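Peer 1: Handing you a structure now.
The values are calculated or read from the model by the stated rules, or taken from the named source; none is laboratory data. Every value quoted in this text rests on a predicted model; they were computed, and no experiment measured them. Backbone-built Cβ (ideal geometry, glycine too); neighbour counts: all protein chains shown.
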Amino acid sequence: MLFCLGLMGKEKKDNLKVLRVRKYTEISLKIFFFQLFILNLIAPVAAKTPPELDQLKPIVRDVCESLNKLFPAEETVFNEGMHRVDIPGATGIILDPKYFSVVPYVWNTSEGLLEIFEKRQEKSKNLEAAVNGTFYCANGPLGQIIINGKKPSEVKQICSKIPKCFFSVLQDPENGSNKWAFGETSFNSEKIISQKGRGLSFNRPVKENEKILHLLGGGGWIVRNYQDVHMEAYKNQKFRFRKVDQDSRHTVLAMDRNDNLYILIFEQGQNLETISAKLLDQKFFTNITDAIFFDGGSSSTLVTGDNYLVSPLYFYDKVRFSALLVFRNEKTKNKNSTN
């Protein structure tokens, strides 16, 4: 008994050491980035030439990605219907539509994804995962958001007139069943609601009476109908990533032919072309039909259980305004999965 207590005490001390080292690392990195910020402000004035700080970003990201691997997330027990993805350069989860509901969530405070997750979990024990949402600026999310058939009032939506991709949940009013679908539109939330989803393109057949229950927009294409279409994000959807940001982290949603939903974070060092090739490679994924991306870089963050499965890149949770929350359906049993 005493021996077991001694081991438990040692384990707690070891955990405290890890947390302490991580905290000191976070503080050091924050100081470093603050110095970079100041340097970025004064360099053009002092030297009268554009700063070359962009050359440092890939190096800093590689260092942070390596540090994240040194402090891996705690082992998470995945319940039935949810499976972990671990392949070279990507981590995530696969959701079986029979077991889970995915709902957008919005907020207008400075809290990060994990804080939001913990608060929501206090109200709903069925909440099992969360991922960052769409792109944003200082004024709000850069995409359409519909929750329970309505436009949420908590945030100001800034929508492009150029078609962008969306994740949606469609509901059949006859039997109350829901299904996931990707699509593309230039409509704002009000028009999507008023037209009851008519005029939108979807990656799955849609019945005339099915309505849009939830929607998160502002994303871009990677794969459509088993084909690499990542260049459409640049040519048609007019995404403009600086060269230094093209191979930063990417948050990706994908669907396979069985309508399973993949929520994936691709690590620093991979661009959309590389990600598309990996999604279509049968060594890594089986029968991916479609894939879209949302906000990436330092916003790419994934929470499962009550901890980060993929920690913030710079150890600071920068997810703001929107996220996708994953809830277990009430009717499904809470069995543990070994996958």
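Peer 1: Which of the residues spanning the stretch 127-145 are among the polar types (S, T, N, Q) and in contact (Cβ under 8 Å) with a residue 40 or more places away in the chain?
Peer 2: N132, T134, Q144
Peer 1: Can you tell me how many residues in the stretch 214-245 are surrounded by fewer than 19 Cβ atoms within 10 Å (Cβ to Cβ) and closer than 25 Å to N175 by Cβ?
Peer 2: Of the residues in the stretch 214-245, 0 are surrounded by fewer than 19 Cβ atoms within 10 Å (Cβ to Cβ) and closer than 25 Å to N175 by Cβ.
Peer 1: If we scan the stretch 116-126, do we find a residue that is in the same structural domain as S311 (by TED's automatic domain parsing), in contact (Cβ under 8 Å) with a residue 60 or more places away in the chain, in a strand (DSSP E or B) and surrounded by fewer than 22 Cβ atoms within 10 Å (Cβ to Cβ)?
Peer 2: No; the residues of the stretch 116-126 include none that is in the same structural domain as S311 (by TED's automatic domain parsing), in contact (Cβ under 8 Å) with a residue 60 or more places away in the chain, in a strand (DSSP E or B) and surrounded by fewer than 22 Cβ atoms within 10 Å (Cβ to Cβ).
Peer 1: Please identify the pairs in which a residue from the stretch 255-272 that is assigned by TED's automatic domain parsing to the domain that holds D86 and among the basic types (K, R) has its Cβ atom under 6 Å from the Cβ atom of a residue that is surrounded by fewer than 23 Cβ atoms within 10 Å (Cβ to Cβ) and in a loop (DSSP other than H, G, I, E, B), counting only partners at least 6 apart or on another chain.
Peer 2: Taking only residues 6 or more apart or on different chains, the pairs are R257/N287.
Peer 1: Looking only at residues that are part of a loop (DSSP other than H, G, I, E, B) and among the hydroxyl-bearing types (S, T, Y) in the stretch 137-174, which one is modelled with the highest pLDDT?
Peer 2: Filtering the stretch 137-174 for residues that are part of a loop (DSSP other than H, G, I, E, B) and among the hydroxyl-bearing types (S, T, Y), the one modelled with the highest pLDDT comes out as S153.
Peer 1: Residues being in a loop (DSSP other than H, G, I, E, B), among the polar types (S, T, N, Q) and within 25 Å of G143 (Cα to Cα): count how many of those fall in the stretch 257-306.
Peer 2: Residues in the stretch 257-306 being in a loop (DSSP other than H, G, I, E, B), among the polar types (S, T, N, Q) and within 25 Å of G143 (Cα to Cα): 6 in total.
Peer 1: Right, here's the next one. Do the conditions hold for N236, that is, is it more than 18 Å from G133 (Cα to Cα), modelled with pLDDT of 95 or more and out of contact with any Ser or Thr (no Cβ under 9 Å at 6 or more places or on another chain)?
Peer 2: For N236, the condition - more than 18 Å from G133 (Cα to Cα), modelled with pLDDT of 95 or more and out of contact with any Ser or Thr (no Cβ under 9 Å at 6 or more places or on another chain) - is met.
Peer 1: If you don't mind, there's one more thing I want to ask. Given the conditions (1) modelled with pLDDT under 95; (2) touching a Gly at 6+ places or on another chain (Cβ under 8 Å); (3) crowded, with 16+ Cβ neighbours inside 10 Å, which single one is not true for A73?
Peer 2: (2)
Peer 1: Looking only at residues that are of a type in the set (D, E) and either touching an Asp or Glu at 6+ places or on another chain (Cβ under 7 Å) or not in a strand (DSSP E or B) (or both) in the stretch 239-256, which one is modelled with the lowest pLDDT?
Peer 2: The qualifying residue modelled with the lowest pLDDT is D245.
Peer 1: Here is a further query. In the stretch 175-218, what residues are aliphatic (A, V, I, L, M) and part of a strand (DSSP E or B)?
Peer 2: Correct list: A181, I212, L213, L215, L216.
Peer 1: Being at pLDDT 95 or above and touching a strand residue (DSSP E or B) at 6+ places or on another chain (Cβ under 7 Å) is the requirement here; does N178 meet it?
Peer 2: Criteria met by N178.
Peer 1: Do we find a residue being surrounded by fewer than 14 Cβ atoms within 10 Å (Cβ to Cβ), among the acidic types (D, E) and more than 25 Å from K161 (Cβ to Cβ) anywhere in the stretch 246-264?
Peer 2: No; the residues of the stretch 246-264 include none that is surrounded by fewer than 14 Cβ atoms within 10 Å (Cβ to Cβ), among the acidic types (D, E) and more than 25 Å from K161 (Cβ to Cβ).
Peer 1: Within the bounds of the stretch 105-112, is there any residue that is closer than 27 Å to N258 by Cβ and assigned by TED's automatic domain parsing to the domain that holds H83?
Peer 2: Yes, some residue in the stretch 105-112 is closer than 27 Å to N258 by Cβ and assigned by TED's automatic domain parsing to the domain that holds H83.
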